[in-house]
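Participant: Quick one: the structure is below, and I'll ask about it shortly.
No lab work stands behind these numbers, since they all come straight from the coordinates. Note that the coordinates shown come from a computational prediction; the quantities given were computed from them, not determined experimentally. Note: ideal-geometry Cβ built from the backbone for every residue, glycine included; neighbour counts use all protein chains shown.
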Amino acid sequence: MNKNSIKKITSMRLFLPIVCLVAVLLVNLITTPGFFKVSINNGVLYGYIVDVVNRASELVILAVGMTLVTAASGGQDISVGAVMAVAAAVCCQILSGGEVSVTELAAPMGLAIIAAILASALCGAFNGFLVAKMNIQPMVATLILYTAGRGIGQLITAGQITYVRVDSYKVFGGYIGKIPVPTPIFLAIIVVIIVNLILKKTALGLYIESVGINGTASRLVGLNSTLIKFLTYVICGVLAGIAGIIASSRIYSADVNNIGLNLEMDAILAVALGGNVLGGGKFSLMGSVIGAYTIQALTTTLYAMNVKADQLPVYKAIVVVIIVTLQSPVFQSFIAKQRAKKAAAAVEGGK
Amino acid sequence: MKKRFLGVLLSVAMVAAVLAGCGSSGAKETAAPAGSETEAASEAASGETEAAGNTGDVITVGFSQVGAESDWRTANSESMKSTFSTENGYNLIFDDAQQKQENQIAAIRNFIQQEVDYIVLAPVTESGWDTVLQEAKDAEIPVIIVDRMVDVSDDSLYTAWVGSNFKLEGQKACEWLKQYAAAKNMSEVNIVDIQGTIGASAQIGRTEALNEAVEANGWNLLAQQTGEFTQAKGQEVMESMLKQYDNINVVYCENDNEAFGAIEAIKAAGKTVGPDGDILVMSFDTTKQGITDTLSGDIIVNTECNPLHGPRVEQIIKQLQAGETPEKQAYVEEGIYAHGSDVASVSIDGTDYEVTEVTQDVVDARAY
């Protein structure tokens, strides 16, 4: 009975991703005793854990979009980092009214945000069109915006870093009024809940999985697989736009050269760490979200451990290799075989 | 069937590759809106070259610039243009390479064909210059390298190099801190270092200077971590360091953007920056925004990384004109800007460098 319930837990989809996250966090218990301490400092929550959850927000949002794209098209959108930069550029440029640095908004906040989201949706639609309609491999199709996106951003900001030094713009990357929890945490949670609701309450989640498993078969049973693939790219673009606005709000500027730099790779990694198959098909949104938090927990842990900057990537790589190996089907079947052997030996011994 | 599918896939991939190619070149074009202006200017300049032609003592200089990727670079180009103006007796042929080495090589070959008197090169990368510089040498045209160095097998392929002395910048900043700490009776100096992108020459020089100063002065270097020269990373790293150490009183940021991020993080943690605050923020580059923060005291000292290479290059050209041999490595003059006047000058290896107190006039005079 007891054994069965343990087996049930270990065979759950999210078991391994959660174990990895917990393992990364537990390292801190030994190395950084104060890691889990959360206090109220200066009227806001303060502590390493808050940092992890806060800094992971953009990555969580990107990972959600990346999961959908991966599931439906069996490929990844590598342009999300650049799309973040485009959204940030559009948002800041409208708010600043074309000036390099402003201390007063030149246009209403709502307008700028809607324009930024629209721009990122357009980027997503472009990717979606190439992948779904033109049947270009996702990696190749999104390579276009991956390279051109930051150029477009530069064009929008005229090659300058546009600063919006207005407190109301700092809200998205900072705090709302007197609420002690950073806004990005809320935004990430809201995005995850909304996307989850859409997937669960409508049949979209199921459609995405079936298109990912077999597009032709899905079409034959009456699903518009082209449209579904297209939609996932648009959603991914919009989410990248939201992440871009958060990232830009944190630094109250549009630094198109650096916003979201290399974040697309982390987002893909988050999807993989979440136990999702990068070849498409069945997916777990929560797995990717946990994967995203794991990546940030790892980064913050390494900072807290005072690892030297030039060694940082090495440690990251080692941990990632271990986690990915643990989750690989080959390794898992190996473990299962070993277990079966042991069981068989035990049975024989019992005779 | 299978073969046909493969064929379709291949052709699609090829089209995509072509598209992607267009995309990237589009990016490069759009990346340099200032570049197009400068290009127009260069066309105008080369037009003048032909017009001014063989008037005798007009010196023709060909300048191959990397591109216009930052304010610093724009200021660098402007410095060259204002120094080598027609009024000063020069013809400047300006070429914007849009971040591509092949464009720079083509530009140098053009300069050789046009028989310019001097070639000035701001290389995009360090390697791959041997052949084209040999051609320039064969044509007996002196080549002056600015900003980044070139990595060539034979040193005689270029006449001189003009650029920043990053280590000296770091030494000046550290010497300033030493004197400031003495003037303010700081009982102990607990530093954290937010490094630049690891491996960048600016990071190497500035970190090295700090490490030596820490050793020599008995300061506590609590932590060293890279902020990758960006505001976002600088902020994240500072956040983490503040949680680890409660006694930080100096932050050594290796450029202005990192300093902006660090200041945000310090303020968010409920601590204060500035001469009367909890933490002193030191920075490099002295961009206009950076020096504005120095005026307010948020950045206590800001050491310059000077993009104005023009005058130094002109000095070398004048030496060559007079038949003298200029020094192989020439550093541009770089200032150090501080909030308040607690330290009047710093002395490195016997040379005194004046510390400029930042005033509104100093901020207004900054062009970049």
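Participant: Can you give the three extents of the C-alpha atoms in the protein assembly as shown along their principal axes, from longest to shortest, in whole Å?
Facilitator: Extents along the principal axes: 101, 72, 61 Å.
Participant: Mind checking which of A:GLN154, A:GLN137, A:GLN338 has the largest fluctuation in a GNM of chain A, springs on alpha carbons under 10 Å?
Facilitator: A:GLN338
Participant: So, one more: So if the hydrodynamic radius of the stretch B:293-366 is defined as the Kirkwood radius over C-alpha pairs, what does Stokes-Einstein give as its diffusion coefficient at 10 °C and 1.306 mPa s, in µm² per second?
Facilitator: My calculation gives 110 µm²/s for D.
Participant: Considering the alpha-carbon set of the stretch A:66-326 alone, what are its Rg and its Dmax in angstrom?
Facilitator: Calculated on Cα positions, Rg and Dmax stand at 18.8, 57 Å.
Participant: Would you mind ranking A:SER73, A:SER218 by Cβ crowding within 10 Å, fewest neighbours first?
Facilitator: A:SER218, A:SER73
Participant: Right, something else. Hey, what do the phi angles of the stretch A:315-330 turn into as Karplus ³J(HN,Hα) couplings, whole Hz, using 6.51/-1.76/1.60 and θ = phi - 60°, x for Gly and Pro?
Facilitator: Result, rounded to whole Hz: 4, 4, 4, 4, 4, 4, 4, 4, 4, 5, 5, 3, 8, 6, x, 4.
Participant: If you count, for every residue in B:233-241, the Cβ atoms of partner chains within 10 Å of its Cβ, what is the mean?
Facilitator: Per-residue shielding by partner chains comes out at 4.
Participant: Counting Lys and Arg as +1 and Asp and Glu as -1, what is the net charge of the other residues whose Cβ lies under 13 Å from the Cβ of A:GLY43?
Facilitator: That sum, taken over residues with Cβ under 13 Å, equals +2.
Participant: Moving on to the next point. Sequence-distant or interchain residues sharing an amide H contact under 5 Å with B:GLN195, placed H: which?
Facilitator: Under 5 Å from the amide H of B:GLN195: B:GLN225, B:THR226, B:GLY227.
Participant: So which trypsin sites (Lys or Arg not before Pro) in the stretch B:273-349 are both in a DSSP loop and have at most 13 other Cβ atoms within 10 Å of their Cβ?
Facilitator: B:LYS328
Participant: Quick check on the protein assembly as shown: of the DSSP beta bridges with both residues there, what percent are antiparallel, nearest 5%?
Facilitator: 20 percent
Participant: Using modelled amide H (1.01 Å from N, peptide plane; none on Pro or chain starts), what sits under 5 Å from the amide H of B:LEU280, excluding residues fewer than 5 places away?
Facilitator: B:VAL250, B:VAL251
Participant: How large is ³J(HN,Hα), in whole Hz, for each residue of the stretch B:321-337 in order, when computed from phi with the Karplus curve 6.51 cos²θ - 1.76 cosθ + 1.60 and θ = phi - 60°, using x for Gly and Pro?
Facilitator: So the J values, rounded to whole Hz, are 4, 7, x, 8, 9, x, 5, 5, 10, 10, 9, 7, 6, 10, x, 10, 10.
Participant: Using the Karplus curve 6.51 cos²θ - 1.76 cosθ + 1.60 with θ = phi - 60°, work out ³J(HN,Hα) for each residue of the stretch B:361-368 in order, rounded to whole Hz, and write x for Gly and Pro.
Facilitator: Once rounded to whole Hz, the list reads 4, 4, 5, 5, 6, 6, 9, 10.
Participant: Fewest first, what order do B:GLU169, A:GLU209 take by the number of other Cβ atoms within 10 Å?
Facilitator: Lowest count first: A:GLU209, B:GLU169.
Participant: Quote the Stokes-Einstein diffusion coefficient, in whole µm² s⁻¹, for the stretch A:60-204, based on the Kirkwood radius over alpha carbon pairs, a temperature of 25 °C and a viscosity of 0.890 mPa s.
Facilitator: The diffusion coefficient I find is 147 µm²/s.
Participant: How crowded by other chains is A:148-155, given as the mean number of beta carbons from other chains within 10 Å of each beta carbon?
Facilitator: 6
Participant: Taking 8 Å as the Cα distance limit and 6 or more residues as the minimum spacing, I'd like the relative contact order of the stretch A:66-326 as a percentage.
Facilitator: Normalised by residue count, the contact order of the stretch A:66-326 is 33 percent.
Participant: Next question. Going by amide H atoms built from the backbone, whose H comes under 5 Å of the H on A:SER101, apart from near neighbours?
Facilitator: Amide H to amide H, under 5 Å and 5 or more residues apart or across chains, A:SER101 pairs with A:TYR163.
Participant: Please arrange B:MET238, B:MET149 by how many other C-beta atoms lie within 10 Å of their C-beta, fewest to most.
Facilitator: Going from least to most buried by this count: B:MET149, B:MET238.
Participant: Taking a cut-off of 18 Å, what percent of all Cα-Cα pairs in the stretch B:97-202 are separated by more than that?
Facilitator: 59 percent
Participant: Something else now. Between A:LEU25, A:LEU269, A:LEU111, find the one with the highest GNM mean-square fluctuation for chain A; connect C-alpha pairs within less than 10 Å.
Facilitator: Checking each option, the largest mean-square fluctuation is seen for A:LEU111.
Participant: Leaving out same-chain residues fewer than 8 places away, which lysines sit with a Cα under 28 Å from that of A:LYS170?
Facilitator: Those lysines meeting the cut-off are A:LYS37, A:LYS178, B:LYS233, B:LYS243, B:LYS267, B:LYS271, B:LYS288.
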